[in-house]
Structures are given as structure tokens and as C-alpha cells.
Amino acid sequence: MVQATLKGLLIDIDGVLTVSWKPLPGASDCFQWLRQSALPFRLVTNTSSKSRRQIADTLSEAGLQVDPSEISTAVSSAARHLAERYAGEACLVVNEGPLDEDLSDVTQTSDPRSARVVLLGGAGPSTGYCEFDTVFKLAHEGVPVLALHRNTRFQTADGPAMDMGAFILGLEAAAHVDIPVLGKPSGDFFEAALKQMDLTAGEVAMVGDDVYADVLGAQKAGITGVLVKTGKFDQRELDKISPSPDHVIEEIGRLPELLRTFIRK
């Protein structure tokens, strides 16, 4: 349950606030309430299609005013990890689109022969058999492979689309490796977001549409989990998981009603 000492929020973006970067019902009203309540929050996302600056600009254009400093992404988490563990090592990035802005301190390479580590981002039309076969061969040779997330799908205005997690399962099976995740539901990812807010897990709630990466991942880290029935929500997944989310709401616009009595004045 939401704690009486609630002092902050972590909120997913895709499927919670927006779909295909268009605001979902209730998002604008919820954002207005958040600003009025002065409740600290961070937007936490596994998306790799935009940098933090681009996300902030896109959300602001959609009427959801946010600063890049209020956004934590799997890419920024990966940048920290690569800088700490693979400083100066050539990194092969497989992603739908460039990640240069948020990986500015990472030494990237387009030549697999020079790669000493691989980073898997989001899937899309440009990530096909050749790219995954290259990653398979590198993994088979012992080159470490990391992933931003294990999301198997994401929601678009035209319906669900396959994401990198579906291909990670195949790579792990073919190369007999385990591919660690740097974004949600990694405990390190949630811990970094909490440190940015200077709050503890027991003082924060996580709001998301992905029952595994958002809600169960947060609950495993000691954070209250709130599932919204928008985006990629699937009742079949909710019916079979354990533990259950701490709370389930219809849409982000219902969040203020849930939290209002739990905010410390």
C-alpha cells in the first residue's frame, strides 16, 4: 500500500503519460496537480528513441512541462555504467536511431571487429537479422552484451509493436549467455533515481503500465507499485502475476485521487 510518508513519485512516460508521444487522457490534469502539490517526481523511461532533452521538449510541446533534469532514462543509466565499467572501450550500439547525445562520453564503434562491449537499445526497422547475427557472434566470442531493457513490446497509436526484449531472448538462447539490463527493472536504475531525489524506497511510489518492468521491478526494490490500465496493460498478465501491484488505477488522471491523502503536508 502507499505509505503515509509518501514524499515522491517515479512515473513512466510511454503508455502512462503518452502513446506515440500524444498525451493520454488525464495526463495534463495530473501534471497540473503535481506542480500544485509540489510533490517531487522523476519521469523514468526505457525509451531509446529520444534523448532527455528531446523528451523534455516533446512533452512540453504536448502541454506537459518538464525539465530534462526531471527525467531518468535507461540510456543515461547505461552511460554511467559504461563509463564506470568500460571506460575507453569501444562499444557497438544496436538501436533504432542514434544515441549519441546521451552517450557522448562513450566510445562508440560501427566496426564489430573493434567492439569490446555491446549495448542493445530499442528494436525497429533498422535492427534486423544482420545486426542480431553480429551481436550473436560477438557474444559467442565472449564480448559482454548489455541491454537498456527487456521490454518485449511497446504501445503505438497503431497498436503494439515488438521491442528488443523479444530478440534478447533469442540471443541468450543461441549464445548461451545472460544479458543484464541497465534500465527498468534493474534495481540499480531505481536506486539511482531515488538518489537523485534524495529519498528512500519506502517514501516513493512508481507509476507504470508495464507490470513487470515498472511495477514488480519497483516493488522488488521496496517501492510502492501503481499499475495504470493504459498503454501496454494486459489483464491476462495481471491475472497471473505474484505479488500483485499495490494499486491499480484506470488512468494517470486518477493518480491524484489515490495519493492525495498520503502526501505529507
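The values are calculated or read from the model by the stated rules, or taken from the named source; none is laboratory data. Bear in mind the structure is a predicted one, so any value in this text is a computation, not a measurement. Positions of Cβ are backbone-derived with ideal geometry, glycine not excepted, and every protein chain shown enters the neighbour counts.
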- Message: Suppose the filter is within 19 Å of Ala221 (Cα to Cα), under 18 Å from the mean Cα position of the chain (by Cα) and either assigned to a loop (DSSP other than H, G, I, E, B) or not hydroxyl-bearing (Ser, Thr, Tyr) (or both); does Val44 pass it?
- Response: yes
- Note on the structure: In the range 123-149, anything buried (at least 24 other Cβ atoms within 10 Å of the Cβ) and either farther than 19 Å from Arg80 by Cα or in contact (Cβ under 8 Å) with a residue 60 or more places away in the chain (or both) is listed as Ala123, Val135, Leu148, His149
- Message: Can you tell me which condition Asp105 does not meet? The list is (1) crowded, with 17+ Cβ neighbours inside 10 Å; (2) closer than 20 Å to Arg85 by Cα; (3) within 21 Å of the chain's Cα centre (by Cα); (4) not polar (S, T, N, Q), and all the others hold.
- Response: (1)
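Determine which member of the set Glu131, Glu84 is closer than 30 Å to Asp234 by Cβ, of a type in the set (Asp, Glu) and either part of a helix (DSSP H, G or I) or at pLDDT below 95 (or both).
Going through Glu131, Glu84 in turn, just one is closer than 30 Å to Asp234 by Cβ, of a type in the set (Asp, Glu) and either part of a helix (DSSP H, G or I) or at pLDDT below 95 (or both): Glu131.
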- Task: Please verify whether the range 59-75 includes one or more residues that are among the β-branched types (Val, Ile, Thr), more than 20 Å from Gly97 (Cβ to Cβ), part of a strand (DSSP E or B) and modelled with pLDDT of 95 or more.
- Result: no
- Return a yes/no flag: does the range 243-256 have any residue that is more than 20 Å from the chain's Cα centre (by Cα) and either loosely packed, with under 14 Cβ neighbours inside 10 Å or aromatic (Phe, Trp, Tyr) (or both). yes
- Go over the candidates Met197, Met162 one by one and state the one that is in contact with a Pro (Cβ under 6 Å, 6 or more places away or on another chain) and either over 19 Å from Ser244 (Cβ atoms) or free of Cβ contacts under 8 Å to residues at least 12 places away in the same chain (or both). Met197
